[in-house]
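Let me begin by presenting the structure, written as structure tokens, before commenting on it.
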Amino acid sequence: MKLILINLFLICMMAYTSLAQKQDTIRVFDIESFMSSYQEISPDTMVYMATQHPATFPEGNMALNRFVKQYLQKHIKSSVQDKVMVLCSIIIEKNGCISSVHILPTNNTDKGLESHVIEALFASAPWTPALQDGKRLRYKTYFSIQFP
């Protein structure tokens, strides 16, 4: 946990340094207030992206890809003809259920297809939750599906 916070701090410092160089201004950064804001976050609500055992879909990502495509074939009247890729971020809760799906912007997707992909992901089977030191954690991952 401390390693994650230290890495986050270093990334923020590099971002502020690059901004200061571009705008010719000096920004003062108070590390104590920065760290105290992260100490107030409950570990139960924190979302992790790196764990000892990441959250996984039963039978893997290929099975999830097949499930989404089959779901879309059943629920969309017209099939997707163009080569399209939908990229999304998914938050998997401690019980393995998906709590959040956000479609990331790409140049070649339509809103109707995106909403059906979101529905399909929420309708999918529960995931195996992420584990760190034997404790279940909320986990964020990315998923892409390519059509046709």
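Exactly one condition in (1) on the phi > 0 side of the Ramachandran plot; (2) at pLDDT 90 or above; (3) loosely packed, with under 10 Cβ neighbours inside 10 Å is false for Gly96; which is it?
For Gly96, the failing item is (3).
Do you know which of the residues in segment 77-89 that are surrounded by 12 or more Cβ atoms within 10 Å (Cβ to Cβ) and over 14 Å from the mean Cα position of the chain (by Cα) is modelled with the lowest pLDDT?
Per the stated criteria, the residue is Val80.
Being touching a residue at least 60 places away in the same chain (Cβ under 8 Å), under 17 Å from Asn65 (Cα atoms) and within 16 Å of the chain's Cα centre (by Cα) narrows it down to one residue among Ile145, Ile92; which is it?
Numbers: Ile92 fails: touching a residue at least 60 places away in the same chain (Cβ under 8 Å).
The match here is Ile145.
Out of Leu64, Leu104, Leu121, Leu137, which single residue is under 23 Å from Tyr48 (Cβ atoms), modelled with pLDDT of 85 or more and surrounded by fewer than 17 Cβ atoms within 10 Å (Cβ to Cβ)?
Just one listed residue meets the conditions, Leu104.
The values are calculated or read from the model by the stated rules, or taken from the named source; none is laboratory data. The model shown is predicted, which means the values in this text are computed figures rather than measured ones. Because the Cβ atoms are built from the backbone with ideal geometry, glycine has one as well, and the counts that use them run over all protein chains shown.
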